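Only one structure is covered here, and it is reproduced in the block below.
The values are calculated or read from the model by the stated rules, or taken from the named source; none is laboratory data. Only a predicted model underlies this, so the values are computations on that prediction, with no experimental measurement involved. Glycine also receives a Cβ, built like all others from the backbone with ideal geometry; neighbour counts cover every protein chain displayed.
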Amino acid sequence: MAHTFTTNSHPPALLDNTTTTTLLYPTPANPNPSTNHPVFTHAMTVRHAVFVNEQGCAADAERDEDDARSWEFVIYAKRPPPQAQEEQPVAVVRLVPPPHAPHDTLLDPARASEFPRFDTEHEPYVKVTRVAVLKEFRGLGLAGRVMRVAEEWAAANKEAIDAMYRRVAGGDIQQQKGWNGLVGLHAQVQVEKMYQRMGYETDGSLGTWDEESIQHVGMFKRVALN
């Protein structure tokens, strides 16, 4: 019988001033770290399965400094009765608010230390990252579904995004306009057409570059703010 699907999310760990912002990578010895938001742990299980186990990306690069300032959205699958089981996390997307490093750091990583910490020359954008669906749940439209959930949340929460933007940027960005609905992503070239169907357009001026031995392109779309 078909699964039913629900969605949950977690806020940036930086917003919780009462606990540590150290997010732990779930392991067989510690599958549910007590300091993690449960949805973050669920998201990491999907990310690890897809990016580390399936695509061969480095585990030590999967959890990064953006996690603590990001919102993450997870789709859960559950079989209907009488086969009902505990909900299983099966798809994820991470929404990283601005600011972001200059694009030149991707094209020329050997010189990354020579570039500014943040890009102040271009319009600020929310970056969609870590889009992943477990292999056995592909072909059900879950990537598009979790992307829509994240985009709709962003469109309705400009104030929260701008607040995190200011918190992270600190004094590095002055007189910078707030977020105005621009959403960007680094798409693996093999799924570029999928994102085009979601309304994203490839920015050819960004070229292509290598991330974890996988070629990427830059894509953008604008969402209407609520």
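May I ask you to list the residues in the range 101-121 that are touching a residue at least 60 places away in the same chain (Cβ under 8 Å) and part of a loop (DSSP other than H, G, I, E, B)?
Here is the first cut: in the range 101-121, the residues touching a residue at least 60 places away in the same chain (Cβ under 8 Å) are 103, 106-107.
His103, the sole residue that qualifies.
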Problem set entry | Residues that are free of Cβ contacts under 8 Å to residues at least 40 places away in the same chain and on the phi < 0 side of the Ramachandran plot, drawn from the range 198-215 | Tyr200, Glu201, Thr202, Asp203, Gly204, Ser205, Thr208, Asp210, Gln215
Seminar exercise, completed: Checking Arg79, Arg63, Arg94 in turn, the sole residue that is under 20 Å from His216 (Cβ atoms) and either of a type in the set (Val, Ile, Thr) or in contact with a Ser or Thr (Cβ under 9 Å, 6 or more places away or on another chain) (or both) turns out to be Arg94
For this session: Could you please find all residues in the range 68-91 being modelled with pLDDT under 95 and acidic (Asp, Glu)?
Result: Glu86, Glu87
Seminar exercise, completed: A careful count of residues in the range 95-142 that are under 19 Å from the mean Cα position of the chain (by Cα) and at positive phi gives 2
